[in-house]
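These notes are about the structure you will find just below.
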Amino acid sequence: MCVFVCDNSLSAFVMRIVLLLALLTVGECDNTKVLGQIGNNITLPCRYDAKKHGPVHVCWGRGDIPKSKCSDQIIATDGHKVIEGTRVSSRYQLQGLLNDGDVSLTILNLTESDAGRYGCRAEIPGWFNDEKHHIDLSVERNAVTTTSAPSTRETWSPRPDCRYTESQ
């Protein structure tokens, strides 16, 4: 706990403003780890409270989320549909119910190059209200499953003596 002691009202006001700004710059941000397999589809979770905020602009990007917007943007929505021209690959899909706040990113046919950090930013109206989610995606090769069948070869004892004779 921090305690600030100020001897005049101007200093107290300035300290309150500094403290308020420090608290406001801390936005909501969480970090999730997801593991996928090459060739499979994977969904990276991201939700916001659409009942409370209504439909909002949401963007997905590669890497850390900057102070505003998305860096290296890969897809975005206006809260109702994907915004034309924002999808950098047809492999990126928003398949959730956008109107309900489910803006989870589905990546189709996962590749090794998809591994890394992704960021989802829901632009909530007002200052410093954006909801930010980081997802670290790890990609592994599909496990190879091998099976072996028991041998069905039979051995005879005593060994039969088989001969071929030609009859006329």
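Looking only at residues in region 40-69 that are part of a strand (DSSP E or B), of a type in the set (A, V, I, L, M, F, W, C) and touching a Ser or Thr at 6+ places or on another chain (Cβ under 8 Å), which one is surrounded by the most Cβ atoms within 10 Å (Cβ to Cβ)? Reasoning before the result, please.
Start the filter on region 40-69 by keeping residues that are part of a strand (DSSP E or B), which leaves 42-44, 47, 58-62.
Cutting the leftovers down to of a type in the set (A, V, I, L, M, F, W, C) gives us 42, 44, 58-60.
In the following step, the residues that additionally are touching a Ser or Thr at 6+ places or on another chain (Cβ under 8 Å) were identified as 42, 44, 58-59.
On the way: I42: 18, L44: 20, V58: 27, C59: 21.
Here the answer is V58.
Restrict the check to region 96-103 and report whether at least one residue is in a loop (DSSP other than H, G, I, E, B), closer than 24 Å to G39 by Cβ and either out of contact with any helix residue (DSSP H, G or I) (no Cβ under 6 Å at 6 or more places or on another chain) or at pLDDT 95 or above (or both).
Within region 96-103, one or more residues are in a loop (DSSP other than H, G, I, E, B), closer than 24 Å to G39 by Cβ and either out of contact with any helix residue (DSSP H, G or I) (no Cβ under 6 Å at 6 or more places or on another chain) or at pLDDT 95 or above (or both).
When region 105-125 is examined, which residues are found to be surrounded by fewer than 19 Cβ atoms within 10 Å (Cβ to Cβ) and hydroxyl-bearing (S, T, Y)?
T106, T111, S113
Are any residues in region 61-111 out of contact with any strand residue (DSSP E or B) (no Cβ under 8 Å at 6 or more places or on another chain) and small (G, A, S), and if so, which ones? Break it down into steps so the answer makes sense when it comes.
Narrowing region 61-111 to residues out of contact with any strand residue (DSSP E or B) (no Cβ under 8 Å at 6 or more places or on another chain): 66-68, 78, 80-81, 84-85, 90, 97, 99-100, 109.
Of everything in region 61-111, those that are out of contact with any strand residue (DSSP E or B) (no Cβ under 8 Å at 6 or more places or on another chain) and small (G, A, S) turn out to be S68, G85, S90.
Does region 113-136 contain any residue that is without any contact (Cβ under 8 Å) to a residue 24 or more places away in the chain and either part of a loop (DSSP other than H, G, I, E, B) or basic (K, R) (or both)?
The initial filter retains those residues of region 113-136 that are without any contact (Cβ under 8 Å) to a residue 24 or more places away in the chain, namely 113, 126.
Imposing the further condition that a residue be either part of a loop (DSSP other than H, G, I, E, B) or basic (K, R) (or both) reduces the set to 126.
Yes, the conditions are met somewhere in region 113-136.
Of all residues in region 114-150, which are among the hydroxyl-bearing types (S, T, Y) and modelled with pLDDT of 90 or more?
Y118, S138
If I filter region 13-39 down to residues being among the β-branched types (V, I, T) and at pLDDT below 95, which single residue comes out as surrounded by the fewest Cβ atoms within 10 Å (Cβ to Cβ)?
V26
The values are calculated or read from the model by the stated rules, or taken from the named source; none is laboratory data. Everything numeric in this text was worked out from a predicted model, so none of it was measured. Using ideal geometry, Cβ is built from the backbone for each residue, glycine included, and neighbour counts are taken over all protein chains shown.
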